[in-house]
Amino acid sequence: MNETCATLPTRLARSSGWRRWGWAALFGAVATLALPPVCGVPLLLIAVPGLLWLLDGVGEPRSAFALGWWFGFAYFGFGLYWISFALLTDIAQFWWLMPVAIAGLPALMAIFTGLVTMTVWSLGGRGLVRVVTFATVWVIAEWLRGHLFTGFPWQLVGYCWVDYSEVLQTAAVTGVYGLSLLTMLVAGLPALLADPSVPRRRALMALACGLTLFASLAVAGTWRLASAEVETVAGVRLRLVQANIDQGRKWADSEREGNFQRHLEMSVAPSALGKGWQPTVVIWPETAIAYFLAQDVRHRAAVAAAVPPGGLILTGAPRATLEPKVAPRATLEP
């Protein structure tokens, strides 16, 4: 076992060419599985050290950037592939955008991860210093990605704790970027096990401290949830309507009316809590209605009829601004 742990980092560091980029892409794909919906957080303990071990064998800034780029290309490629599903609403017209959605966006986002590895390689450092540097630079890149050019704060590492409410409470203090920082810091600690500048005992102790940190955060989060006061607003009872309609059917002409009626039926259906419980506010999903309600009197009236007595329905629908018709001007011929 010890021999395997010692040899794998060496083999990764000595890899080159397509093997190095292939390993980087593989670790990027593994890192994606740490995020929702899988939320396999322990997989970061494999993906991040793997990337750092690959970085050990890099000899120039360009290769360091390429290494991070391939990691990011797989990381964002496997994580953002679903964006292309929106094109399925009219694939005959938008088929040519499929490569842009599937590969173009990940290729663009991977520039940030490429800059991370290039910066870490340029700054140098070994042992714990490099792990801290990597985690810090990664989070700086996440912040920049979330704010530059209108911002794209998707797939932040801190989102990996979505299914772990106890640890997620940390974000109330640190924000999601602080949670990303702590996560990447601990995820990079196994890389110390193969670092010749760090004694094995010290590396194990650092890893144990990192895991203990998150165990402590989970305990603190459990206490916070248990002691939280449940605040309610008197007289307000919410009903969340989720018809779970496939994107390919959402905008189809033959499906629109059926989808609309399904939302209405779910809005007025009897409550599982008993006859005495009635919602005061019904909430529909984003763009739940595929009609222009401002101009569509019939469907607007149908929504109004489903509103709870004295309550309201919150929904989303497309909007259109109609240009006023201008009468042609009379002209006098000379």
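The values are calculated or read from the model by the stated rules, or taken from the named source; none is laboratory data. None of the values given here were measured: they were computed from a predicted structure. In this analysis, Cβ positions are derived from the backbone assuming ideal geometry, glycine residues included, and neighbour counts consider all displayed protein chains. What goes into the accessible areas is simple: the full protein's heavy atoms, side chains included, and nothing from ligands, DNA or RNA. Shrake-Rupley method; radii C 1.70, N 1.55, O 1.52, S 1.80 Å.
Considering only DSSP states other than H, G, I, E and B, which chymotrypsin sites (Phe, Trp or Tyr not before Pro) in region 191-299 qualify as loop sites with at most 11 other Cβ atoms within 10 Å? Can you show the working numbers first?
Numbers: sites: 214, 223, 251, 260, 277, 291, 292; in loops: 251, 277, 291, 292.
When the chymotrypsin sites (Phe, Trp or Tyr not before Pro) of region 191-299 are filtered for loop state and at most 11 Cβ neighbours within 10 Å, 277 remain.
Apply the a/c threshold of 1.5 to the C-alpha gyration tensor of region 118-171 and tell me whether it is rounded, prolate or oblate.
Values: a/c = 3.59, a/b = 1.33, b/c = 2.69.
Oblate shape, in that a/c is at least 1.5 and b/c is the bigger or equal ratio.
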- prompt: So which trypsin sites (Lys or Arg not before Pro) in region 266-321 are both in a DSSP loop and have at most 16 other Cβ atoms within 10 Å of their Cβ?
  reply: 275, 319
- prompt: Based on the Cβ-Cβ distance from residue 111 to residue 85, what FRET efficiency comes out when R0 is 30 Å, to the nearest 0.05?
  reply: 0.80
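Rounded, prolate or oblate: which fits region 187-295 when a ≥ b ≥ c are the square roots of the eigenvalues of the alpha-carbon gyration tensor, with rounded for a/c under 1.5 and prolate only if a/b beats b/c? Kindly include the intermediate steps, with their values, before the conclusion.
Numbers: a/c = 4.84, a/b = 2.03, b/c = 2.38.
Because a/c hits 1.5 or more and a/b fails to exceed b/c, region 187-295 counts as oblate.
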query: How high is the relative contact order of the chain, in percent, counting Cα pairs under 8 Å that sit 6 or more residues apart?
result: 14
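On the protein heavy atoms, probe 1.4 angstrom, tell me the percent of accessible surface of the chain carried by carbon and sulfur. Mind dumping the intermediate values first?
On the way: 12940 of 19800 Å².
Carbon with sulfur: 65 percent of the solvent-accessible area.
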Whole-angstrom gap from region 44-66 to region 241-276, using each part's C-alpha centre: 49
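Write down the accessible area per residue of the chain in Å², having rolled a 1.4 Å probe over the full set of protein chains.
Numbers: 19800 Å² over 334 residues.
About 59 Å² of surface per residue is accessible.
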- prompt: Which label belongs to the value computed from this structure, given these candidates for log10 I(q)/I(0) by the Debye sum over Cα atoms at q = 0.06, 0.07, 0.14 Å⁻¹: [x] -0.20, -0.28, -1.06; [y] -0.23, -0.31, -1.16; [z] -0.34, -0.45, -1.13?
  reply: [z]
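For a test of the definition: using alpha carbon positions, the gyration tensor, and the 1.5 limit on a/c, classify region 23-146 as rounded, prolate or oblate. Don't jump to the answer; show the numbers that get you there.
Numbers: a/c = 2.48, a/b = 1.87, b/c = 1.33.
Prolate, because a/c is 1.5 or more and a/b exceeds b/c.
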message: Between helix 17-32 and the chain, what is the angle of the helix's C-alpha long axis to the longest principal axis, kept within 0 to 90° and rounded to the nearest 10?
response: 50
message: Contact order normalised by length for region 97-195, with contacts defined as Cα pairs under 8 Å and 6 or more residues apart; what percent is it?
response: 28
- prompt: How far is helix 2-14 tilted off the main Cα axis of the chain, in degrees rounded to 10, range 0 to 90?
  reply: 70
query: Please state the relative contact order of region 158-240 as a whole percent: Cα pairs under 8 Å, 6+ residues apart?
result: 35
With at most 16 other Cβ atoms within 10 Å, longest stretch of the chain clear of loop GluC sites (Glu not before Pro) (DSSP): 1-228
Nearest 10 degrees, 0 to 90: helix 44-56 Cα axis against the chain principal axis: 50
